[in-house]
Amino acid sequence: MPQTVNTKTWQLAATQHKRVVLDLWAPWCGPCRMIAPMLETLEGELPVTVLRLNIDEDKTATDAFHVQSIPTLILFKNGKAFEKITGAYPKAQLEAHLRQSFQLEETRDDD
């Protein structure tokens, strides 16, 4: 289950895991609400940790990453941000993108 973070906790949480997806969202954002369950599912299917930061409660991360629209996902590997994804995508497309970005191998159901 994605962990809720704020400015004081997200940086520490991002360094405690090898692969992190920081989800910058807001309650009023329809696309943000649409991808939330997908991120929760993908966290269970892929070796990634999802952190959720509500930008209405904390704008520091939006300034730090120059976020102009949401949903925005910031990808971290070994504690370092390396990619920003903006917008909502279908689960299959988001999964493929995360696999490629984190260099995860595809798994097949029939193996």
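Residues of segment 2-36 being over 13 Å from Arg52 (Cβ atoms) and not β-branched (Val, Ile, Thr), which ones?
Lys8, Gln11, Leu12, Gln16, His17, Lys18, Arg19, Trp28, Gly30, Pro31, Met34
Can you tell me which residue within segment 14-62, out of those that are farther than 18 Å from Leu98 by Cα and among the small types (Gly, Ala, Ser), is surrounded by the fewest Cβ atoms within 10 Å (Cβ to Cβ)?
Gly30
Can you tell which of Ala26, Ala14, Ala64 is without any contact (Cβ under 8 Å) to a residue 40 or more places away in the chain and not aromatic (Phe, Trp, Tyr)?
Within the list Ala26, Ala14, Ala64, the selection yields Ala64.
Which ones in segment 21-39 are under 14 Å from Met1 (Cα atoms) and touching a strand residue (DSSP E or B) at 6+ places or on another chain (Cβ under 9 Å)?
We begin by selecting, within segment 21-39, every residue under 14 Å from Met1 (Cα atoms); these are 21-23, 35-39.
Selection gives Val21, Leu22, Asp23, Ile35, Ala36, Leu39.
Quick one: which of Thr86, Thr60 is touching a helix residue (DSSP H, G or I) at 6+ places or on another chain (Cβ under 8 Å) and among the polar types (S, T, N, Q)?
Exactly one of Thr86, Thr60 is touching a helix residue (DSSP H, G or I) at 6+ places or on another chain (Cβ under 8 Å) and among the polar types (S, T, N, Q), namely Thr60.
For segment 45-84, give me the residue count where each residue is of a type outside the set (Gly, Ala, Ser) and assigned to a strand (DSSP E or B).
Selection size over segment 45-84: 16.
Would you please list the contacts, defined by Cβ atoms under 8 Å and residues six or more apart or on different chains, that run from a residue in segment 71-95 that is within 24 Å of Trp28 (Cα to Cα) and aliphatic (A, V, I, L, M) to a residue that is part of a helix (DSSP H, G or I) and modelled with pLDDT under 95?
Within 8 Å, the pairs are Ile74/Ala61.
Residue under question is Leu42, and the condition is that it be in contact with a strand residue (DSSP E or B) (Cβ under 9 Å, 6 or more places away or on another chain) and either of a type in the set (Ser, Thr, Tyr) or in a helix (DSSP H, G or I) (or both); does it hold?
The answer is yes for Leu42.
Checking Val20 against (1) over 13 Å from the mean Cα position of the chain (by Cα); (2) aliphatic (A, V, I, L, M); (3) farther than 12 Å from Leu94 by Cβ, only one condition comes out false. Which one?
Going through the list (1) over 13 Å from the mean Cα position of the chain (by Cα); (2) aliphatic (A, V, I, L, M); (3) farther than 12 Å from Leu94 by Cβ, Val20 breaks only (1).
Taking into account only those residues within segment 4-13 that are open to solvent by 80 Å² or more (accessible area, probe 1.4 Å) and more than 15 Å from Leu75 (Cα to Cα), which is modelled with the lowest pLDDT?
The qualifying residue modelled with the lowest pLDDT is Lys8.
The values are calculated or read from the model by the stated rules, or taken from the named source; none is laboratory data. Computed from a prediction, not measured in an experiment: that's the story for all the values here. Cβ coordinates were reconstructed from backbone atoms using ideal geometry, including for glycine residues, and neighbour counts include every protein chain displayed. Heavy atoms of the whole protein, side chains included, go into the accessibility calculation; ligands, DNA and RNA do not. Shrake-Rupley method; radii C 1.70, N 1.55, O 1.52, S 1.80 Å.
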